[in-house]
1. Across segment 1-55, what is the total count of residues that are in a strand (DSSP E or B) and either open to solvent by 100 Å² or more (accessible area, probe 1.4 Å) or among the basic types (Lys, Arg) (or both)?
2. Checking the conditions here, which among Val41, Val77 is at pLDDT 80 or above, more than 30 Å from Ala124 (Cβ to Cβ) and of a type outside the set (Ser, Thr, Tyr)?
3. Read through the list (1) over 21 Å from Glu7 (Cβ atoms); (2) modelled with pLDDT of 85 or more, then give the number of the only condition that Arg83 fails.
4. Being in contact with an Asp or Glu (Cβ under 6 Å, 6 or more places away or on another chain), modelled with pLDDT of 80 or more and of a type in the set (A, V, I, L, M) is the requirement here; does Val88 meet it?
Amino acid sequence: MGVVKIEGKELTLPDNIIDLGIDAVKDALSEDFPDIENADVEIVRPRAAGQPVTATVVKRGTHKGQWESFPRAQREVLNVLDRARPHVNPAIALAVEVLQHEAAGDTQFFDELVRSGRLERAEAAGEREGRAVQRALETCSTCQPIPADDIPVGF
């Protein structure tokens, strides 16, 4: 039997599980220790015959929202996202408005919408935004990765 050291306790696991590697150890312990998924596991094989294999589990530290502990590049991205104005695609916003008027029984709203040209403007703006989002996704998927200046949280 192998020895697993976790959270100040020593447990035993069959050698064949430990022999399968770190993922097998994590799987075997995940029900009783759900945080093991993000833990570091080190398996030490004995040098002397008759000694048990030892697996040591160490939880990784988390930042728990401490802003200063986030890497600089990550803070910059989060700041940009935080400053972004709330926005809804104009076509979707108009569709919601139409549904609200329809539910209220306002039969004249759609006629006024068509006459004013607002429907066509919302449709055109919605399509432009949809194409812009598609281009952004395509750009992101073709970008070459570059090394970060900072170590990402959790590594």
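The values are calculated or read from the model by the stated rules, or taken from the named source; none is laboratory data. Only a predicted model underlies this, so the values are computations on that prediction, with no experimental measurement involved. Because the Cβ atoms are built from the backbone with ideal geometry, glycine has one as well, and the counts that use them run over all protein chains shown. The protein model used for the area step is the full one, side chains on, heavy atoms only, and it has no ligands, DNA or RNA in it. Shrake-Rupley method; radii C 1.70, N 1.55, O 1.52, S 1.80 Å.
1. 4
2. Within the list Val41, Val77, the selection yields Val41.
3. (2)
4. When the stated conditions are applied, Val88 does not pass them.
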